[in-house]
Amino acid sequence: MSPSTYPTTAQVARTAPARFAFWMLLLALIGLLTACEDARDPIRVSGPAQGTTYSVTVMNPPSEMNRSALEGAMTQVIERIDAQMSTWRDDSEVARFNAAPAGEWVPVSPELAGLTREALGIGRDTNGAFDVTLGPILQVWGFGADAEQPTRLPTTDELAAARERTGIGMIEVRDQPPALRKKAAQATLDLAGLAQGYTVDQLSQRLNDMGARRYLVELGGELYARGNKQGSTPWRIGVEKPEAGTREIERVVGLANAGMTTSGDYRDFFEIDGRRFSHTIDPRTGRPVAHDLRSVTVVADDAMTADAMATALLVMGADAGRRYADAHDIAALFVSGTAQAYTESYSKAFEPYLKEAK
């Protein structure tokens with residue numbers, strides 16, 4: 001925040017005595033409004049969601065909002081999206097689509113059709129760095145939903161066979177009536193790269209409908225903040241150091257009216273013969289990324305976009321990712337290297353968020 005350009009009360013008294021009472025009354029009213037800004041204590045709810053947890057904090061909640069009503073509304077949103085997009089439920093829309101034969105239009109909700117279209121578009125815009133059809137490749141690398149800790153690397157033939165069943169061109173979307181179709185029977189859809197961010201946005205929309213105006217929503221590390229936490233102070237969000245087994249803060253970001261996601265390769269990986277293999281797969285090669293970019297934090301207008309772009313930029317690497325972020329006005333922070341010498345870089349659009357945190 002820049003220093004106030006309003007005159008002080010002393011200046012007003014010297015230059016315009018008749019206006020002094022007006023300014024004093026205005027300042028008193030501002031003080032009263034500030035005192036009344038948080039007439040009610042915050043309401044906080046949390047619980048399990050999508051294989052992880054969620055939390056919601058509502059500052060100065062509407063008079064008709066209580067903890068039970070808030071928790072019920074949040075649970076309803078989460079259950080609706082799970083029924084559409086979960087890859088862990090056999091009865092979800094995504095599961096039914098993944099089990100369907102090739103060439104058959106599978107009816108889905110407008111919500112799932114729309115999100116799938118968004119995901120495929122992001123894949124095209126990032127030149128394939130984001131891909132929601134990676135399931136077969138993740139499986140052969142030992143990162144699938146039912147996979148066990150791998151003891152060997154996939155063979156060239158195994159990897160080639162998996163790649164034949166992936167690619168954003170494998171899936172088609174129809175809007176009227178909403179449906180999905182795939183070109184290969186073993187092709188699958190997995191929206192994990194943006195579904196949690198999308199869920200955060202849907203939770204936020206429900207809060208808006210309930211009359212909340214200042215809140216923070218978090219699910220699995222995906223965030224959306226509306227308004228400031230207190231007065232002119234934004235929500236201050238810590239970005240972790242990209243190191244497994246620690247919760248140290250690398251950076252603090254000031255967040256208001258925006259979504260934020262951090263993607264990293266420092267918690268999900270395996271080692272074979274002394275080599276480290278990240279769960280971050282480059283869809284363009286079918287192999288784990290080999291660069292030293294450890295995490296990417298993205299701030300965007302919504303959590304879904306932040307979620308997807310953090311994944312794509314992590315795949316690209318720090319140099320290519322920063323060039324892409326600057327070219328597309330994406331606010332992104334890149335942390336590279338090792339615990340002995342982490343290095344930061346960020347896009348031009350990220351600079352304001354660093355200033356807001358001070």
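The values are calculated or read from the model by the stated rules, or taken from the named source; none is laboratory data. Note that the structure is a prediction, hence the values are computed from the model and not measured. Because the Cβ atoms are built from the backbone with ideal geometry, glycine has one as well, and the counts that use them run over all protein chains shown. To get the accessible areas, we keep the full protein, side chains included, count just its heavy atoms, and leave off ligands, DNA and RNA. Shrake-Rupley method; radii C 1.70, N 1.55, O 1.52, S 1.80 Å.
Numbers at a glance
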| quantity | calculated |
| --- | --- |
| Matching entry among GLY231, GLY220 (being open to solvent by 30 Å² or more (accessible area, probe 1.4 Å), within 13 Å of the chain's Cα centre (by Cα), modelled with pLDDT under 95 and not acidic (Asp, Glu)) | GLY220 |
| Contacts under 7 angstrom Cβ, first residue in the stretch 345-358 being under 18 Å from TYR324 (Cα atoms) and part of a helix (DSSP H, G or I), partner modelled with pLDDT of 85 or more and open to solvent by 50 Å² or more (accessible area, probe 1.4 Å), 6 or more apart | LYS348/ASP326; ALA349/ASP329 |
| Residue within the stretch 281-303 that is of a type outside the set (A, V, I, L, M), without any contact (Cβ under 8 Å) to a residue 12 or more places away in the chain and more than 21 Å from TYR353 (Cα to Cα) present | yes |
| Criterion violated by TRP141 - all others in (1) under 21 Å from THR305 (Cα atoms); (2) surrounded by 15 or more Cβ atoms within 10 Å (Cβ to Cβ) satisfied | (1) |
| Among residues of the stretch 99-146, those that are among the basic types (Lys, Arg) and over 12 Å from ILE171 (Cα atoms), counted | 1 |
| Residue match in the stretch 121-137 (condition: surrounded by fewer than 20 Cβ atoms within 10 Å (Cβ to Cβ) and either under 16 Å from ALA192 (Cβ atoms) or touching a helix residue (DSSP H, G or I) at 6+ places or on another chain (Cβ under 6 Å) (or both)) | no |
| Some residue of the stretch 2-19 being in a helix (DSSP H, G or I) and at pLDDT 50 or above | no |
| Qualifying residue in the stretch 189-210 (condition: small (Gly, Ala, Ser), over 30 Å from LYS241 (Cβ atoms) and either open to solvent by 30 Å² or more (accessible area, probe 1.4 Å) or in a loop (DSSP other than H, G, I, E, B) (or both)) | no |
| Matching entry among VAL298, VAL335, VAL253 (being buried (at least 21 other Cβ atoms within 10 Å of the Cβ) and closer than 16 Å to PHE130 by Cα) | VAL298 |
| Residue that is modelled with the lowest pLDDT [pool: residues in the stretch 273-286 that are surrounded by 16 or more Cβ atoms within 10 Å (Cβ to Cβ) and not in a loop (DSSP other than H, G, I, E, B)] | PHE277 |
| Hits in the stretch 303-325 - residues which are open to solvent by 10 Å² or more (accessible area, probe 1.4 Å) and more than 8 Å from the chain's Cα centre (by Cα) | MET309, THR311, MET316, ALA318, ASP319, ALA320, ARG322, ARG323, TYR324 |
| Criterion: in a helix (DSSP H, G or I), modelled with pLDDT of 95 or more and over 30 Å from VAL58 (Cβ atoms) - qualifying residue of ARG181, ARG117 | ARG117 |
| Neighbours by Cβ (under 6 Å, 6+ apart or cross-chain): first from the stretch 235-257, of a type in the set (Phe, Trp, Tyr); second assigned to a strand (DSSP E or B) | TRP235/LEU216; TRP235/ALA225; TRP235/LEU255 |
| Subset of the stretch 66-109 [surrounded by fewer than 16 Cβ atoms within 10 Å (Cβ to Cβ), more than 23 Å from ASN208 (Cα to Cα), free of Cβ contacts under 8 Å to residues at least 40 places away in the same chain and among the acidic types (Asp, Glu)] | ASP90, ASP91 |
| Only listed residue being farther than 18 Å from LEU223 by Cα, at pLDDT 90 or above and assigned to a strand (DSSP E or B), chosen from VAL315, VAL335 | VAL335 |
